[in-house]
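**Q** Let me give you the structure first, and then I'll get to my questions.
The values are calculated or read from the model by the stated rules, or taken from the named source; none is laboratory data. Remember, predicted model here, so these are calculated numbers, not experimental data. Cβ placement follows ideal geometry from the backbone for every residue including glycine, while neighbour counts extend to all protein chains displayed.
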Amino acid sequence: MKWLSVFFLVFLCASGTEIEPGDPEDIGPDAPQGTAPPTQTSDLPEETKIELSLDARIRQLLEHYKQDDPLGIPGVPIPDPMPIPDFEGDFPAAKIKFSEAELQQLSQFRINYVRTDLKDLKVWIGMTFDTLQVVGRYRMSSWFSTSSGDFNVTLIRVHAEGFAGLVVDSEGLMQATNITFDVGFKDITMKFENLGFFGSLFQGIINSVGTFIFDSIKPLILGQINDQVQTNVNSQMKKLNHILPDSVAPLDMAMAMGRAEIQENGMDPFEIPEYTSILGTGVVVKIFNGTMHGLSTIHRTGDVIFNYENGSLVVGAQAATQRLKGHFNWQLDFKVFAPRGKISLQIDHLDVKIGLSQPVNVQKKPRLEVLQVNLGNIQARSTGTGSVDYLIEFAVNFLLNGFRSVVLRTMEKPVTFIIQKELDKIDVEAMIEEQLPKLSELKNDL
């Protein structure tokens, strides 16, 4: 399970963007993209200007995500409140100028999902703000009267959804690019003080004023989101990533590394453990000297899921091998005689589908959500017993092929239970702590 802690480290270090549930296909590279002038961050609190060490930042994030409803991301330099340049608008019978305005609660967002397409290197992101407030001064004037005072506009259930592409740059580093976001809100409330004579007039234009204010601050919100996605994520990826060739998808490279590791760890050929069983009739069945070849041919057969959904990191994968070949010796001990022989097997393929989830609150345990194993057609050939070999081959082929689906489905539930029992023993937080020194060494080497 060490790989799970590594996924967590990458997720935590790349954290810096957020949003609300939606259909990711509604947002794409051709969707309109908000722009905004560079945001001034000189007024940020001093603590946000101090760059924490990588291990300290990760520990800070781990503590943050232990909350029941974590808002924002600690350490990310988002100006809150954020100054808004003066702006004005013409409305029926009046002109309104807004000044000394600022946007509040911009740092109080909730990450709803981060959905990845590792095959095509794309990421969809969704976040929500319970409320965003715009406060400041207004001056409303017409040819017959003028009024001024404080104003407060509250945007309720603000949601942002976005799309980003991932590329391997010329230096071999993974980077975010082609970032597109859009933002909307569910409801709005407004309060303007000292309207006086304009009170009744304002009721007639209130909807237009609310839409105008939102459209005026929308580029600032999108500018901040765009900046945090690209600048913060890319800088963190530079600290974490190994060098990757720009001609090979990182996902397929990971599979190639997995195949090499199978061979280096002596798993291809894989030695089948010896097995002894005593039947009810007292006959002893022995299987020994078994090996299986072909596990290192494993390759990706479907998309790999690496998402953040509703407070949990979700990892899912599908993989398969090419044809597997194996053999084992067998012996039946009848006391008075003990026939023995050898069976050679060919399995067309082995398919595995697995899904795991781990809450970002690492005090909670990982869960096995999906486990499916499928075997292709099995062919067995027996040698060593003369004419009886044909009977053995028929029995083995009939049993293995005729009942393999039933056997596999029957095995899935108890195997899932056993795996989950082992997952419940895992201390993910301790595993991450164990990896932090190695991550710091990696950062120093880059």
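**Q** When you go through LYS365, LYS353 one by one, which is the residue that is surrounded by 16 or more Cβ atoms within 10 Å (Cβ to Cβ) and over 24 Å from GLY384 (Cα atoms)?
**A** LYS353
**Q** Do you know which residues across region 109-124 are loosely packed, with under 15 Cβ neighbours inside 10 Å and either modelled with pLDDT of 90 or more or of a type in the set (Lys, Arg) (or both)?
**A** The one that is loosely packed, with under 15 Cβ neighbours inside 10 Å and either modelled with pLDDT of 90 or more or of a type in the set (Lys, Arg) (or both): LYS119.
**Q** Within 30 Å of ARG300 (Cβ to Cβ), in contact with a strand residue (DSSP E or B) (Cβ under 9 Å, 6 or more places away or on another chain) and either among the hydroxyl-bearing types (Ser, Thr, Tyr) or not in a strand (DSSP E or B) (or both): does that describe ASP120?
**A** It is true that ASP120 is within 30 Å of ARG300 (Cβ to Cβ), in contact with a strand residue (DSSP E or B) (Cβ under 9 Å, 6 or more places away or on another chain) and either among the hydroxyl-bearing types (Ser, Thr, Tyr) or not in a strand (DSSP E or B) (or both).
**Q** Is it the case that VAL360 is surrounded by fewer than 17 Cβ atoms within 10 Å (Cβ to Cβ) and among the hydrophobic types (A, V, I, L, M, F, W, C)?
**A** Answer is no for this residue.
**Q** Residue by residue through region 89-108, note down the ones that are within 42 Å of the chain's Cα centre (by Cα), under 24 Å from THR146 (Cβ atoms) and of a type outside the set (A, V, I, L, M, F, W, C).
**A** The answer is SER99, GLU100, GLU102.
**Q** Test VAL315 against the criterion of being under 24 Å from GLN372 (Cβ atoms), touching a Phe, Trp or Tyr at 6+ places or on another chain (Cβ under 7 Å) and of a type outside the set (S, T, N, Q), and give yes or no.
**A** Yes, satisfied.
**Q** Is it the case that some residue within region 353-360 is in contact with a helix residue (DSSP H, G or I) (Cβ under 9 Å, 6 or more places away or on another chain), in contact (Cβ under 8 Å) with a residue 60 or more places away in the chain and assigned to a loop (DSSP other than H, G, I, E, B)?
**A** yes
**Q** When the residues of region 210-254 are filtered to those that are in contact with a strand residue (DSSP E or B) (Cβ under 6 Å, 6 or more places away or on another chain) and at pLDDT below 70, which remaining residue is nearest to ASN152 (Cα to Cα)?
**A** Once the filter is applied, the top-ranked residue is VAL229.
**Q** Follow-up. Of the residues ARG115, ARG157, which single one is charged (D, E, K, R) and on the phi > 0 side of the Ramachandran plot?
**A** Every option except ARG157 fails the conditions.
**Q** Please verify whether THR291 is assigned by TED's automatic domain parsing to the domain that holds GLN331, surrounded by 14 or more Cβ atoms within 10 Å (Cβ to Cβ) and either at pLDDT 80 or above or under 31 Å from the mean Cα position of the chain (by Cα) (or both), treating the condition exactly as stated.
**A** no
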